[in-house]
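These notes concern the structure reproduced below.
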Amino acid sequence: MNDRKQYCTLRVADLLLGIEVGQIQEILRDTSITPVPLAPPTIRGLINLRGQIVTAVDLRRRVGLDDAEHGAPFMTMVLGTAEEPLALVVDAVGDVVEVLAGAFESPPDTLKGEARRMIEGAYKLERELLLVLKLPVVLDLGAVRGTTTE
């Protein structure tokens, strides 16, 4: 049994977040995103990925944080999902880190609101906490689009 997991790290504001490496299809820099009129604020727009149209979700807005400064650099992570690929717009993508599965902890009590609902748990790294995203919740397009009955 493999007791280690690998996460690709990403930044959104001052949060260090992680997504399991196997869920990432590709990472894009300087992506052209076409805004969608009347789309909910969490939908940043659409990306043409080699002829395939991919919905781009703004992770800052999704977890309830303020927008980045206008013109601030961003990166896009394309995730393979069962239905369709989706993209997360993030401030920056970092390294791949390997952690011991047994070191997984529940989300910190200081995490509040929508962000807490989207965090599965945390790993203590040398200098900070790696918060693991609960992708089914983050990528719930019904909630993103404001059409769920929750």
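Sticking with the crude label model, points 7 Å out along Cα→Cβ, report the distance from Asp3 to Glu98 in nm, one decimal please.
Reported label-point gap for Asp3 and Glu98 is 1.4 nm.
Identify the GluC sites (Glu not before Pro) of region 65-123 meeting these criteria: DSSP loop state and at most 11 other C-beta atoms within 10 Å of the C-beta.
On the way: sites: Glu69, Glu83, Glu98, Glu105, Glu114, Glu120; in loops: Glu69, Glu83.
Answer in residue order: Glu69, Glu83.
Under a Cβ-Cβ cut-off of 10 Å, what is the net charge of the residues other than Asp58 that fall near it, where Lys and Arg count +1 and Asp and Glu count -1? If you can, show how the numbers build up before the last one.
Details: positive: Arg44, Arg60, Arg61, Arg62; negative: Asp67.
For residues surrounding Asp58, the net value is +3.
Distance from the Cα centre of region 6-45 to that of region 82-126, in angstrom?
Comparing the Cα centres of region 6-45 and region 82-126, I get a distance of 13 Å.
Helix-derived [θ] at 222 nm for the chain: sum -39500 (n - 2.57) over DSSP H runs of at least 4, divide by residue count, nearest 500? Before the final figure, lay out the partial values.
Numbers: 4 runs with 17 residues, N = 150.
When only DSSP H runs of four or more count, the value is -2000 deg cm²/dmol.
Trypsin sites (Lys or Arg not before Pro), restricted to region 92-135: which are DSSP loop and have at most 13 other Cβ atoms within 10 Å? If you can, show how the numbers build up before the last one.
Values: sites: Lys112, Arg116, Arg117, Lys124, Arg127, Lys134; in loops: Lys112, Arg127, Lys134.
The qualifying sites are Lys112, Arg127.
Restricting the count to DSSP beta bridges whose residues both fall in the chain, what percent are antiparallel, rounded to a multiple of 5? If you can, show how the numbers build up before the last one.
On the way: 36 of 42 bridges.
If I count the DSSP bridges inside the chain, around 85 percent turn out antiparallel.
Starting from the Cα gyration tensor of region 27-74, take the square roots of the eigenvalues, sort them a ≥ b ≥ c, and report rounded, prolate or oblate (rounded when a/c is under 1.5, otherwise prolate if a/b is larger than b/c, else oblate).
Details: a/c = 1.96, a/b = 1.34, b/c = 1.46.
Because a/c hits 1.5 or more and a/b fails to exceed b/c, region 27-74 counts as oblate.
Can you list residues from other chains, or at least 5 along the same chain, whose modelled amide H is less than 5 Å from the amide H of Ile119?
Residues meeting the criterion, in which the H sits 1.01 Å from N, are Lys134.
Expressed as a rounded percentage, what relative contact order does region 1-48 have, with Cα pairs under 8 Å and six or more residues apart?
Numbers: 38 pairs, mean separation 10.9, N = 48.
Averaging sequence separation for qualifying contacts and normalising by length gives 23 percent for region 1-48.
Which whole-number percent is the relative contact order of the chain (Cα, under 8 Å, 6+ apart)? Could the numbers behind the result be given before it?
Values: 284 pairs, mean separation 40.8, N = 150.
Result for the chain is 27 percent.
At Ile27 and Arg50, where each label point lies 7 Å from the Cα along Cα→Cβ, what is the point-to-point distance in nanometres?
Using points 7 Å along Cα→Cβ, the separation is 1.9 nm.
Heavy atoms only, probe 1.4 Å: what % of the accessible area of the chain goes to carbon and sulfur, would you let me know? Before the final figure, lay out the partial values.
Values: 4310 of 8710 Å².
Whole-percent figure for carbon plus sulfur exposure: 49.
Can you compute 3J(HN,Hα) from phi for each residue in region 52-60, using the Karplus curve 6.51 cos²θ - 1.76 cosθ + 1.60 with θ = phi - 60°, rounded to whole Hz and x for Gly and Pro?
9, 8, 10, 6, 9, 9, 7, 5, 4
Mind listing which trypsin sites (Lys or Arg not before Pro) in region 1-87 are in a DSSP loop and have 15 or fewer other Cβ atoms within 10 Å?
On the way: sites: Arg4, Lys5, Arg11, Arg29, Arg44, Arg50, Arg60, Arg61, Arg62; in loops: Arg50.
Those that pass, being in a loop and sparsely packed, are Arg50.
List the relative contact order of region 37-92 as a percent without decimals, with contacts defined as Cα pairs under 8 Å and 6+ residues apart. Walk me through the numbers before you get to the answer.
Numbers: 83 pairs, mean separation 17.5, N = 56.
Normalised by residue count, the contact order of region 37-92 is 31 percent.
The values are calculated or read from the model by the stated rules, or taken from the named source; none is laboratory data. Model, not experiment: these values are computed from the prediction. Virtual Cβ from ideal backbone geometry, glycine too; neighbours counted across all protein chains shown. Note: areas computed on protein heavy atoms with side chains; ligands, DNA, RNA excluded. Shrake-Rupley method; radii C 1.70, N 1.55, O 1.52, S 1.80 Å.
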